[in-house]
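This report concerns only the one structure given below.
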Amino acid sequence: MRTVVAKFGGTSLADAKQFRKIKEIIAEDPDRRYIVASAPGKRFPEDTKVTDLLLRCWEEASAGNDFETYLEMVRKRFSDIIAELGMDFPLDEEIAEFRKHLQTDPQRDYTASRGEYLNSRILAEYLGFTFVDPEWCVCFDENGVLDQAMTRRALGASLKPLEKAVIAGFYGADMNGRIHTLSRGGSDVTGSLAAAAIQADLYENWTDVPGLLAADPRIVEQPMTVQFVSYRELRTLSYMGASVLHTDAVLPVSDMGIPINIRNTYEPEDPGTMIVRKIPKGEKKYPIIAVAGRQGMSVIQVEKVMVSDESGFTAIMLDILKNRQLPFEQCLTGIDSVTVVIRSDLLEPCKEDLFTEIRETLKPDFLGLKENLSMIAIIGEKGTEVCDANVRVLQSLTQEDIQISTINQGAGKLNLLIGVPDEKYEEAIRAIYRTIDESIHETV
Ligand code: ASP
């Protein structure tokens, strides 16, 4: 028998209809033994997530204002679910206790955690599973930082003896019993911690999208869903802003090689996206799997004849940035030049001072700045064919008359990073996506 941890996000648990749907999904595979639940999310685009309602309760309560309007909105979300499912759940007692907390000593994290707490308790009862409160097994240190090693031991000890369980996502507690939450969307992390703790065979992450898309759907019409993506490729994609999973959710399972399967609650038959250490044998491997990018970048160009012979030149340049706590995105070095890519919003406030310092310290022959650039990542781990794929990508940009400002590919060949003007960003993404689409159709 396999063990599957299945995490359901806020939209998958937003109302009674969704509860029914996920009950069916869980029943379809008896290996889905450990369920991680989020708080009820949005039922329609203009709706408010229960976590946001709870945070409004806390804001009002801590300012000494009346919070009853928001508390009633929270209560109603849960009472609708309970009533529609015909359940007998002590909601009024829970709300009364929570009200007391808000009146006496309102704590932000405790308040925010009540959405997951209540939803998971209701779900556990509805499924007939045991409820596991992460207060006892997701461990934070006294500074409110998650203690992964202790959590793994405690979660493992809590879950292993249970045949089937529902664990509330998003929060845990420190040694003094004080509740701490993870960052927003943190139930993904709880799911990952649970999968690692019980050495699950698979971590399913059920959400409201088909999986990881090969391009931003706001730019490319109906982009393909990526079938397989490696943990490393996913890192680049998340860094570039593709947000399908909390970034901290990868490490606990990738360490152990547990695959993550992104699934769509609205299309449960779809296989979704598998996030794996290595693409399994027999599966098609494409040279490029996705394209993503970030706008609002600036490029500092420092030129000096024979830089390559001058020991420490690049190190001094990077030290200047470090001393100003200015992180950089990329650093490209050439024979007579050093080029650094920096986010424009970080550079802007200190631009003048920084340039003066570079001029005085490095005495360059030329110091230039290019602004309003976008960095596009062409992602694909299949090294051997990347060379040909790169040529196609560059050709697609020149065909569209898109000027290339920077090109960066390390020896790792995980991704090719290309700088283009901001105003050409969307055109560039579409042109590159077409090459991915063509290459996939040629391989099939
Ligand atoms: N409910 C929390 C949030 O809205 C955590 C989560 O859904 O994962 O961020």
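Taking the criterion of being more than 16 Å from the ligand (Cβ to nearest atom), open to solvent by 50 Å² or more (accessible area, probe 1.4 Å) and either outside any loop (DSSP other than H, G, I, E, B) or aliphatic (A, V, I, L, M) (or both), the residues of segment 49-66 that qualify are 62, 63. Based on what the data block shows, is residue 256 modelled with pLDDT of 90 or more, touching a Pro at 6+ places or on another chain (Cβ under 8 Å) and aliphatic (A, V, I, L, M)? So residue 256 fails the test. Of the residues making up segment 204-219, those that are away from the ligand (no atom under 16 Å from the Cβ) and part of a loop (DSSP other than H, G, I, E, B) are 210, 211, 212, 214, 215, 216, 217, 218, 219. For residue 222, the conditions (1) polar (S, T, N, Q); (2) without any contact (Cβ under 8 Å) to a residue 24 or more places away in the chain; (3) in a strand (DSSP E or B) all hold with the exception of (3).
So that you can scan it fast, the table gives a plain yes or no per residue for (1) of a type in the set (Ser, Thr, Tyr); (2) farther than 30 Å from residue 203 by Cα; (3) touching a helix residue (DSSP H, G or I) at 6+ places or on another chain (Cβ under 8 Å):
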{"residue": "278", "(1), (2), (3)": "no, no, no"}
{"residue": "285", "(1), (2), (3)": "no, no, no"}
{"residue": "289", "(1), (2), (3)": "no, no, yes"}
{"residue": "310", "(1), (2), (3)": "no, yes, no"}
{"residue": "322", "(1), (2), (3)": "no, yes, no"}
{"residue": "337", "(1), (2), (3)": "yes, yes, yes"}
{"residue": "341", "(1), (2), (3)": "no, yes, no"}
{"residue": "350", "(1), (2), (3)": "no, yes, no"}
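Would you check which residues across segment 170-182 are under 20 Å from the mean Cα position of the chain (by Cα) and more than 17 Å from residue 39 (Cβ to Cβ) and list them? Of everything in segment 170-182, nothing turns out to be under 20 Å from the mean Cα position of the chain (by Cα) and more than 17 Å from residue 39 (Cβ to Cβ).
Here is the figure for segment 220-231: residues that are open to solvent by 20 Å² or more (accessible area, probe 1.4 Å) and more than 14 Å from residue 259 (Cβ to Cβ) total 4. Check segment 343-357 and report whether any residue there is open to solvent by less than 10 Å² (accessible area, probe 1.4 Å) and either touching a residue at least 60 places away in the same chain (Cβ under 8 Å) or not hydrophobic (A, V, I, L, M, F, W, C) (or both). Within segment 343-357, not a single residue is open to solvent by less than 10 Å² (accessible area, probe 1.4 Å) and either touching a residue at least 60 places away in the same chain (Cβ under 8 Å) or not hydrophobic (A, V, I, L, M, F, W, C) (or both).
Within segment 26-42, the set of residues being within 14 Å of the ligand (Cβ to nearest atom) and either surrounded by fewer than 20 Cβ atoms within 10 Å (Cβ to Cβ) or part of a helix (DSSP H, G or I) (or both) comprises 42 only.
Just need a number here: residues in segment 7-25 that are more than 14 Å from the ligand (Cβ to nearest atom) and more than 16 Å from residue 121 (Cα to Cα).
Here the count works out to 4.
Here's the yes/no breakdown for (1) modelled with pLDDT under 95; (2) closer than 18 Å to residue 213 by Cβ:
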residue: 419; (1), (2): no, no
residue: 429; (1), (2): no, yes
residue: 436; (1), (2): yes, yes
residue: 439; (1), (2): yes, yes
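Identify all residues within segment 281-328 that are of a type in the set (Ser, Thr, Tyr) and open to solvent by less than 20 Å² (accessible area, probe 1.4 Å); write none if there are none. Within segment 281-328, 298 is the sole residue that qualifies. For segment 178-203, a tally of residues being open to solvent by 40 Å² or more (accessible area, probe 1.4 Å), away from the ligand (no atom under 13 Å from the Cβ) and not basic (Lys, Arg) returns 2. When 332, 318 are checked against the criterion of being more than 21 Å from residue 206 (Cα to Cα) and either among the polar types (S, T, N, Q) or without any contact (Cβ under 8 Å) to a residue 60 or more places away in the chain (or both), a single residue qualifies: 318. If you filter segment 138-177 down to residues that are open to solvent by less than 60 Å² (accessible area, probe 1.4 Å) and among the polar types (S, T, N, Q), you find that the one that is nearest to the ligand (Cβ to nearest atom) is 151.
Remark: residue 99 falls outside the filter, which requires a residue to be surrounded by 23 or more Cβ atoms within 10 Å (Cβ to Cβ) and either modelled with pLDDT under 95 or touching an Asp or Glu at 6+ places or on another chain (Cβ under 9 Å) (or both).
If I ask for residues that are among the basic types (Lys, Arg) and within 22 Å of the chain's Cα centre (by Cα), which ones from segment 149-169 would you list?
152
Annotation note: Cβ proximity below 9 Å between a residue of segment 154-182 that is more than 23 Å from residue 41 (Cα to Cα) and in contact (Cβ under 8 Å) with a residue 60 or more places away in the chain and a residue that is outside any strand (DSSP E or B) and of a type in the set (D, E, K, R) (sequence gap 6+ or interchain) occurs for 178/109; 178/142.
The values are calculated or read from the model by the stated rules, or taken from the named source; none is laboratory data. What you see is a predicted model, and the numbers here were worked out from it, not measured in a lab. No Cβ is skipped: glycine too gets one built from the backbone with ideal geometry, and neighbour counts run over all protein chains shown. Ligands, DNA and RNA are stripped out before the accessible areas are found, and what is left, the full protein with its side chains, is counted by its heavy atoms. Shrake-Rupley method; radii C 1.70, N 1.55, O 1.52, S 1.80 Å.
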